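Engineer: Before we start, here is the structure in question, set down as structure tokens.
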Amino acid sequence: MVIVIHFSLSVKQYAQAETCPGRALKLPDRCPHPNCQAADSLVRWGTYHRWACTGTEAYRLCIQRVRCQGCGRTHSLLPDFLHPYRQYVLKLLYQVIWLYLIVGLGFGRLMNHLPEDGPAPETVREWVRAFGYGAGPLLLAVLTRFLLKLAPQTELPGPAPPHLARSRQVQHYQRLTQAHAFWQLAEQLYAQVKGRQPRLAFSVGQMFPFLLHWLQSQQLPPRLFWSPTLSTTPKQPF
């Protein structure tokens, strides 16, 4: 499993650190696996390397692995500027989804806003499909339930914007409308959390890391992008 961790480092600073940043980090208090949750059971268990691509640069990162002494499962301490199983940084993923889902740009105009040596058009389209499925069918219901319990006066999202109707596939359109509602509710969630924790540091581009931490706090996989074509992707809502 992945444990999302906040590091006060940029991608470049993380990559250029003399030692693996995870080695000096205080370990989480509990095993994150829902069937374990053993306290004070995690120990460092080696490292591995993975790539982080910003669109203009690619960095080789050292990722700390930990092991639970209770259940024996291993977990990775993933910096929250990354998304599990994605090489590109969350900031770029956020930019793509914001331009397509909220601003309303089609893929042609959207690509003009990305770095010239950034992701291929096919990759960008896959991101939109994966976010549509993850934030739509998988996560919208759980976010709605949580927010209504936290703030019963929450105003539920209205109709989807007209630009989403450009999708010719009915199922894809339905997922995008759900993902758009998820985005609106996610902004309300942050507003509620911010009201309770005034010192919470958050900017527009940090919404996805914020959501990964929220998902983790709910003992859910800290993932927003789920490819609907993979056999390992859940078929039922969380």
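Engineer: Would you check if there is a residue in segment 66-82 being farther than 26 Å from residue 170 by Cα, of a type in the set (Val, Ile, Thr) and over 15 Å from the mean Cα position of the chain (by Cα)? Let's see the steps before the verdict.
Structural biologist: Looking only at segment 66-82, we keep the residues that are farther than 26 Å from residue 170 by Cα, and these are 66-82.
With the extra rule that they be of a type in the set (Val, Ile, Thr), the set shrinks to 66, 74.
Remaining after also requiring over 15 Å from the mean Cα position of the chain (by Cα): 66, 74.
Taking every residue of segment 66-82 in turn, at least one turns out to be farther than 26 Å from residue 170 by Cα, of a type in the set (Val, Ile, Thr) and over 15 Å from the mean Cα position of the chain (by Cα).
Engineer: Moving to a separate point now. If residue 160 meets every condition in (1) within 20 Å of the chain's Cα centre (by Cα); (2) more than 25 Å from residue 218 (Cα to Cα); (3) surrounded by 16 or more Cβ atoms within 10 Å (Cβ to Cβ) apart from one, which number is that one?
Structural biologist: (1)
Engineer: Could you tell me whether any residue of segment 132-155 is free of Cβ contacts under 8 Å to residues at least 40 places away in the same chain and among the small types (Gly, Ala, Ser)? Even if it seems obvious, please write down each step before you answer.
Structural biologist: Residues of segment 132-155 free of Cβ contacts under 8 Å to residues at least 40 places away in the same chain: 145, 148-149, 152-155.
If we keep only those that are among the small types (Gly, Ala, Ser) as well, we get none.
Looking through segment 132-155, none of the residues is free of Cβ contacts under 8 Å to residues at least 40 places away in the same chain and among the small types (Gly, Ala, Ser).
Engineer: Residue under question is residue 31, and the condition is that it be buried (at least 19 other Cβ atoms within 10 Å of the Cβ) and in contact (Cβ under 8 Å) with a residue 12 or more places away in the chain; does it hold? Explain how you work it out, then say what you get.
Structural biologist: On the way: buried (at least 19 other Cβ atoms within 10 Å of the Cβ): yes; in contact (Cβ under 8 Å) with a residue 12 or more places away in the chain: yes.
Spelling it out, residue 31 is indeed buried (at least 19 other Cβ atoms within 10 Å of the Cβ) and in contact (Cβ under 8 Å) with a residue 12 or more places away in the chain.
Engineer: With respect to the numbered conditions (1) outside any loop (DSSP other than H, G, I, E, B); (2) within 21 Å of residue 11 (Cβ to Cβ), which one is the sole condition not fulfilled by residue 164?
Structural biologist: The number of the failed condition is (2).
Engineer: When you scan segment 79-94, how many residues do you find that are in contact with a Leu (Cβ under 9 Å, 6 or more places away or on another chain) and either without any contact (Cβ under 8 Å) to a residue 40 or more places away in the chain or not in a helix (DSSP H, G or I) (or both)? If you could, list the steps in order and put the result at the bottom.
Structural biologist: Initial filter on segment 79-94 (in contact with a Leu (Cβ under 9 Å, 6 or more places away or on another chain)): 79-84, 86, 88-90, 92-93.
Restricting the remaining residues to those that are either without any contact (Cβ under 8 Å) to a residue 40 or more places away in the chain or not in a helix (DSSP H, G or I) (or both) gives 79-84, 86, 88-89, 92.
Qualifying residue count for the region: 10.
Engineer: Which pairs do you get when a residue that is closer than 20 Å to residue 54 by Cα, found in segment 100-123, comes within reach of a residue that is surrounded by fewer than 17 Cβ atoms within 10 Å (Cβ to Cβ) and of a type in the set (A, V, I, L, M), reach meaning Cβ atoms under 9 angstrom, with the pair 6+ apart or on two chains?
Structural biologist: Final answer for the pair search is 110/103.
Read-outs throughout are calculated quantities, based only on the coordinates presented, and are distinct from any laboratory measurement. All values derive from a computational prediction rather than experimental measurement. FYI the Cβ positions are ideal-geometry reconstructions off the backbone, even for glycines, and counts take in every protein chain you see.
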